[in-house]
Amino acid sequence: MLSFVLPTEAHRKDVLAFYAEFEKSNETCIGYGDHADFDKWLCGMHNRIAGKNLPEGYVRENFYLCYDKDELVGVFNLKFELTPFLFNYGGHIGYAVKPSRRNKGLATQMLRQGLEISKGFGFEKVLVLCDDDNCASEKVILKNNGVFENKLFDAEENVFVKRYWIYL
């Protein structure tokens with residue numbers, strides 16, 4: 001079972017190493033933004049969690065660091081409302097597993113546990129999206145009982161996204 005924790009100063013080293021692994025793979029993921037300036041990143045995460053001082057288009061969300069024992073293996077976020085953009089192209093939930101720990105079932109486990117967290121906050125269903133070409137993420141969503149709704153083109157990212165509802 002993974003541990004989901006909200007980020008604090010104590011996680012500085014883990015967070016920087018986590019995102020450095022994505023950089024080495026020429027990838028980014030949720031929460032990547034200002035991570036290099038950890039103090040700014042942490043302040044931004046605390047603002048998201050509190051729902052205060054948010055940039056335009058942002059909503060309140062819980063951003064979790066996901067640990068397998070003492071190792072930060074992934075990140076998970078739960079948005080508490082959906083703007084029109086998030087409804088079409090973002091969803092309630094985002095997650096990422098660091099490259100060296102992929103294909104070991106961690107994303108499936110992370111989403112499963114994240115759905116329980118969502119349920120605890122009173123959600124009855126959540127919207128989860130993946131890029132059309134992200135077969136691994138699509139499998140994770142389907143393993144967690146995702147119900148396909150449709151596919152939309154995200155002009156901003158120049159990619160099609162698949163939209164799934166998961167009923168809790």
Report task. Given the conditions (1) in contact with a helix residue (DSSP H, G or I) (Cβ under 6 Å, 6 or more places away or on another chain); (2) assigned to a helix (DSSP H, G or I); (3) farther than 19 Å from C130 by Cα, report the number of the one that D34 does not fulfil. Result -> (2)
**Report entry** Which listed residue is modelled with pLDDT under 95, among the charged types (D, E, K, R) and either in contact with a strand residue (DSSP E or B) (Cβ under 9 Å, 6 or more places away or on another chain) or surrounded by 14 or more Cβ atoms within 10 Å (Cβ to Cβ) (or both), from E149, E138, E157, E124
**Finding:** E157
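Of all residues being basic (K, R) and without any contact (Cβ under 8 Å) to a residue 40 or more places away in the chain in segment 94-128, which is farthest from V73 (Cα to Cα)? Just the residue, please. Working first, answer last.
Going through segment 94-128, the residues basic (K, R) turn out to be 98, 101-102, 104, 112, 119, 125.
From what's left, without any contact (Cβ under 8 Å) to a residue 40 or more places away in the chain: 101-102, 104, 112.
Details: R101: 7, R102: 9, K104: 11, R112: 15 Å.
Going through the qualifying residues, I end up with R112.
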Report task. Filter segment 10-45 down to residues that are of a type in the set (G, A, S) and either farther than 20 Å from E157 by Cβ or at pLDDT below 90 (or both) and give me whichever is surrounded by the fewest Cβ atoms within 10 Å (Cβ to Cβ). Result -> A10
Report summary line: Checked segment 84-97 for anything surrounded by 14 or more Cβ atoms within 10 Å (Cβ to Cβ) and farther than 21 Å from I117 by Cα; matches are N88, Y89
Query raised in the report: Would you pick out the residues in segment 110-147 that are in contact with an Asp or Glu (Cβ under 9 Å, 6 or more places away or on another chain) and over 17 Å from E61 (Cα atoms)?
Result: C130, D131, D132, S137, E138, G146
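The values are calculated or read from the model by the stated rules, or taken from the named source; none is laboratory data. Treat the numbers as computed from the prediction; the structure is a model and nothing was measured. Virtual Cβ from ideal backbone geometry, glycine too; neighbours counted across all protein chains shown.
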